[in-house]
Amino acid sequence: MLEVAAKELKRRLANKEELYIIDVRECWEYDEVNIGATNIPLGELPQHLSQLPSRKDMEIIVHCQSGRRSGQAQKYLAKQGYSNVTSLKGGLDAYLRLK
């Protein structure tokens, strides 16, 4: 499983890199706190594949709260032909612990 460290993601966001990030947490979790990612809850991912980049080799970063759901999303997207899906290591918990 490909993972990106929270510190690396934070650096890339600060550098205003164009990133496609999917937050696979539930809508209520996203409403409480988010980093500006596209919110597609894990259970709804199959119905929202048309929202994803058409280039299946484009980098997609998925995250959840701790990393479990994003790992599942990463595996699912790989089965759908997306070849460059990365999961945020430690999830939003790790990202929010950064100063």
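When we screen Asp57, Asp93 for residues that are touching a Ser or Thr at 6+ places or on another chain (Cβ under 9 Å), part of a loop (DSSP other than H, G, I, E, B) and farther than 15 Å from Met1 by Cα, the only hit is Asp57. Total residues in region 37-54 satisfying the condition of being under 20 Å from Leu2 (Cβ atoms) and part of a strand (DSSP E or B): the figure is 1.
So that you can scan it fast, the table gives a plain yes or no per residue for (1) touching a strand residue (DSSP E or B) at 6+ places or on another chain (Cβ under 6 Å); (2) of a type in the set (D, E, K, R):
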position: Glu8; (1), (2): no, yes
position: Arg12; (1), (2): no, yes
position: Asn15; (1), (2): no, no
position: Ile40; (1), (2): yes, no
position: Pro46; (1), (2): no, no
position: Ser54; (1), (2): no, no
position: Gly71; (1), (2): yes, no
position: Ala94; (1), (2): no, no
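Could we say that Tyr20 is touching a Pro at 6+ places or on another chain (Cβ under 7 Å), surrounded by 13 or more Cβ atoms within 10 Å (Cβ to Cβ) and modelled with pLDDT of 95 or more here? Yes, satisfied. Taking region 53-82 as the range and being modelled with pLDDT under 95 and either touching a Lys or Arg at 6+ places or on another chain (Cβ under 9 Å) or hydrophobic (A, V, I, L, M, F, W, C) (or both) as the test, the residues that pass are Met58, Gly67. Filtering region 18-36 to residues that are within 18 Å of Gln51 (Cα to Cα), of a type in the set (A, V, I, L, M, F, W, C) and either in a strand (DSSP E or B) or touching a residue at least 24 places away in the same chain (Cβ under 8 Å) (or both) leaves Leu19, Ile21, Ile22, Val24. Of everything in region 51-75 that is within 16 Å of Asn39 (Cα to Cα) and of a type in the set (Ser, Thr, Tyr), the residue that is surrounded by the fewest Cβ atoms within 10 Å (Cβ to Cβ) is Ser66. A single member of Val85, Val4 is in contact (Cβ under 8 Å) with a residue 40 or more places away in the chain and either over 23 Å from Lys99 (Cα atoms) or hydroxyl-bearing (Ser, Thr, Tyr) (or both), and it is Val85.
I'd like to check something: does region 33-43 contain any residue that is modelled with pLDDT of 95 or more and either loosely packed, with under 13 Cβ neighbours inside 10 Å or of a type in the set (Phe, Trp, Tyr) (or both)? Scanning region 33-43 turns up at least one residue that is modelled with pLDDT of 95 or more and either loosely packed, with under 13 Cβ neighbours inside 10 Å or of a type in the set (Phe, Trp, Tyr) (or both).
The values are calculated or read from the model by the stated rules, or taken from the named source; none is laboratory data. Just so we're clear, the structure is a prediction, and the values are computed from it rather than from any experiment. Every residue, glycine as well, gets a Cβ built from its backbone with ideal geometry; the counts of neighbours run over all protein chains shown.
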